[in-house]
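Student: Take this structure first; my questions come after.
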Amino acid sequence: MAHSIELLPDDETDALTRAQWRALVDADLPSAATIRSSTNRPHVTLVAAGRISASADTAILPVAQRLPIRARLGAPIVFGGGSHHTLARLVVPSSDLLSIHAQVARLAGPAMVDDAGAPTLFAHSAPGCWTPHITLARRLSGEQVAAALAVLATVDSREPAIVFDAVRRWDSDAKSEHVLPGRAC
């Protein structure tokens with residue numbers, strides 16, 4: 001299963017994203033709102049890997065100390081091809097955001113290895129290949145993507161400045177999160 005290190009947005013961005021999730025559910029479309037886990041929340045995945053050990057928590061403390069940072073929420077974006085797509089909101093990659101991404105990839109690198117010591121970082125989250133986004137829905141057909149975009153046009157789809165105020169390590173095997181808050185504002 002995939003493990004990840006993620007940025008968590010402030011309460012305002014969380015609420016805006018959850019409103020979009022609910023609008024998709026209300027339209028009988030796939031939505032991240034249907035994930036039934038207490039740890040399901042809007043986030044931007046910085047790195048994903050086959051395994052990330054708990055040693056990453058200490059390694060990425062300097063990243064948490066850089067928070068909060070500001071970014072801008074962008075337009076809807078669609079990933080995938082064939083019969084299944086993922087719908088997300090782009091997070092415009094500012095220099096601060098790209099710097100934090102590179103720092104996490106570097107600092108957490110030693111924690112992203114398998115039992116044989118082989119790297120487990122997924123290529124799409126490596127520096128130079130990463131697209132920052134907040135997922136709205138997964139496994140949509142092409143027709144559902146069109147319907148979902150129409151629904152999103154009817155809800156608050158501003159492109160506001162957003163704040164990331166915490167970083168977390170998600171352990172999918174244990175179904176647990178380890179949150180490192182940023183500095184107090």
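The values are calculated or read from the model by the stated rules, or taken from the named source; none is laboratory data. Source: prediction; values computed, not measured. No Cβ is skipped: glycine too gets one built from the backbone with ideal geometry, and neighbour counts run over all protein chains shown. Note: accessible area is taken over every heavy atom of the protein model, side chains too, but ligands, DNA and RNA are not part of it. Shrake-Rupley method; radii C 1.70, N 1.55, O 1.52, S 1.80 Å.
Student: Closer than 21 Å to Arg18 by Cβ, over 15 Å from the mean Cα position of the chain (by Cα) and part of a helix (DSSP H, G or I): is that true of Gln144 in this structure? Let's see the steps before the verdict.
Tutor: Working: closer than 21 Å to Arg18 by Cβ: yes; over 15 Å from the mean Cα position of the chain (by Cα): yes; part of a helix (DSSP H, G or I): yes.
Yes.
Student: Is at least one residue of the stretch 97-115 open to solvent by 70 Å² or more (accessible area, probe 1.4 Å) and among the polar types (S, T, N, Q)? Give the derivation first.
Tutor: Of the stretch 97-115, the ones open to solvent by 70 Å² or more (accessible area, probe 1.4 Å) are 98, 106, 110, 115.
When the remaining residues are screened for being among the polar types (S, T, N, Q), the result is none.
Looking for residues that are open to solvent by 70 Å² or more (accessible area, probe 1.4 Å) and among the polar types (S, T, N, Q), one finds none in the stretch 97-115, hence no.
Student: Identify all residues within the stretch 1-24 that are surrounded by 15 or more Cβ atoms within 10 Å (Cβ to Cβ) and over 17 Å from the mean Cα position of the chain (by Cα); write none if there are none.
Tutor: If the condition is that a residue be surrounded by 15 or more Cβ atoms within 10 Å (Cβ to Cβ) and over 17 Å from the mean Cα position of the chain (by Cα), then Ala23, Leu24 are the ones that fit.
Student: On the basis of being of a type in the set (Val, Ile, Thr), open to solvent by 50 Å² or more (accessible area, probe 1.4 Å) and out of contact with any helix residue (DSSP H, G or I) (no Cβ under 8 Å at 6 or more places or on another chain), does Val145 make the cut? It would help to see each step written out before you state the result.
Tutor: Numbers: of a type in the set (Val, Ile, Thr): yes; open to solvent by 50 Å² or more (accessible area, probe 1.4 Å): no; out of contact with any helix residue (DSSP H, G or I) (no Cβ under 8 Å at 6 or more places or on another chain): yes.
Answer is no for this residue.
Student: Same structure, new question: Can you tell me which residue is most open to solvent (accessible area, probe 1.4 Å) among those in the stretch 40-78 that are without any contact (Cβ under 8 Å) to a residue 40 or more places away in the chain and not charged (D, E, K, R)?
Tutor: Pass one, the stretch 40-78, residues without any contact (Cβ under 8 Å) to a residue 40 or more places away in the chain: 40-41, 58.
If we keep only those that are not charged (D, E, K, R) as well, we get 40, 58.
Numbers: Asn40: 32, Thr58: 101 Å².
Taking the candidates together, the pick is Thr58.
Student: Find the helices (runs of 4 or more DSSP H) located wholly in the stretch 1-105 whose residues include 3 or more that are within 22 Å of Pro160 (Cα to Cα) and acidic (Asp, Glu), and list them.
Tutor: 11-26
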